[in-house]
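Undergrad: Sharing a structure here in structure tokens format.
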């Protein structure tokens, strides 16, 4: 699936839903997307399946330009996006993260599920206060474990 986006207006914000792959073929769509955005932008990453190194370069170029005249927030960041933010600080730019998905697995039955963490609700405020509540498997009821090391996964919180 190639990169695509759609923009919806909501409460004075441009809500941008992006999907597919951020790769070497995404640059022209990112440029186009940037030309259609107002001053307040929420980027929803729930549909992103993959980001490669060429896509990272295209994204950083987009975010550098977009943040110059806009307030930007990221929401529903997939573990793939969280990984990029943690490895490449410029991936986030000056944007603030509203919510992230973390993947959990059940050692008892093998079921996996994503759990969303939202700022102001259950997303830790900073990396020093990481204490996530237990999450029980919807299949067998046993406690599920986060697939990533919590301190590393929430590393982006150190940046603010």
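Undergrad: For residue 37, indicate whether it is at negative phi, outside the structural domain of residue 142 (by TED's automatic domain parsing) and not in a helix (DSSP H, G or I).
TA: So residue 37 passes the test.
Undergrad: Still on this structure, please answer the following. With the requirement that a residue be surrounded by fewer than 17 Cβ atoms within 10 Å (Cβ to Cβ) and farther than 17 Å from residue 152 by Cα, what does the stretch 71-104 give you?
TA: 71, 90, 94, 96
Undergrad: I'd like the full set of residues that are within 17 Å of residue 4 (Cα to Cα) and out of contact with any strand residue (DSSP E or B) (no Cβ under 7 Å at 6 or more places or on another chain), limited to the stretch 62-75.
TA: Within the stretch 62-75, 62, 63 qualify.
Undergrad: Further question on the same structure: Just one of the numbered conditions (1) under 21 Å from residue 10 (Cβ atoms); (2) surrounded by 20 or more Cβ atoms within 10 Å (Cβ to Cβ); (3) not assigned by TED's automatic domain parsing to the domain that holds residue 5 is not true of residue 118; which one?
TA: Failed condition: (2).
Undergrad: Would you call residue 111 in contact with a strand residue (DSSP E or B) (Cβ under 8 Å, 6 or more places away or on another chain), surrounded by fewer than 17 Cβ atoms within 10 Å (Cβ to Cβ) and assigned by TED's automatic domain parsing to the domain that holds residue 140?
TA: yes
Undergrad: Any residue at all in the stretch 121-137 that is in a loop (DSSP other than H, G, I, E, B) and modelled with pLDDT of 95 or more?
TA: Yes, the stretch 121-137 contains a residue that is in a loop (DSSP other than H, G, I, E, B) and modelled with pLDDT of 95 or more.
Undergrad: Something else now. Filter the stretch 46-70 down to the residues that are surrounded by 15 or more Cβ atoms within 10 Å (Cβ to Cβ) and not in a helix (DSSP H, G or I) and list them by number.
TA: Residues satisfying the conditions are 46, 47, 48, 51, 67, 70.
Undergrad: Name the single residue, out of those in the stretch 138-159 being without any contact (Cβ under 8 Å) to a residue 24 or more places away in the chain and exposed (fewer than 12 other Cβ atoms within 10 Å of the Cβ), that is farthest from the chain's Cα centre (by Cα).
TA: Within the stretch 138-159, the match that is farthest from the chain's Cα centre (by Cα) is 141.
The values are calculated or read from the model by the stated rules, or taken from the named source; none is laboratory data. Model, not experiment: these values are computed from the prediction. Here the Cβ is made from the backbone with ideal geometry for all residues, glycine too, and neighbour counts use every protein chain on show.
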